[in-house]
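**Q** First the structure, then my questions, so here it is.
The values are calculated or read from the model by the stated rules, or taken from the named source; none is laboratory data. Note that the structure is predicted; figures quoted are calculated from it, not measured. Cβ placement follows ideal geometry from the backbone for every residue including glycine, while neighbour counts extend to all protein chains displayed.
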Amino acid sequence: MILDSRDGAVANLDVKNAWGAVIQAGVDVPLNSAWFLFADLKKDLSQDNSDRYRARIRQSSGGGEGASRSSAGHAGVGWRF
């Protein structure tokens, strides 16, 4: 959630809240009765003005068309208590 649309580090930054779709998949792998490994991946399916801006940059530099989508991965070790 964006709480303020002004940023001191980036000139002319203007952001607004928006809704979008995200796909998430994950897995837990038990190591024993208490410890486990986990991993998940999230993929943002929404398109915003920054997606269109990046697509124009790729097109003007000889890259392919289309909006880039952000992804995030997360992995670690967990302990059940």
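**Q** Suppose the filter is in a helix (DSSP H, G or I) and either modelled with pLDDT of 60 or more or among the aliphatic types (A, V, I, L, M) (or both); does R58 pass it?
**A** yes
**Q** Any idea which of D40, D44 is surrounded by 13 or more Cβ atoms within 10 Å (Cβ to Cβ) and modelled with pLDDT under 90?
**A** Criteria check complete, one pass: D44.
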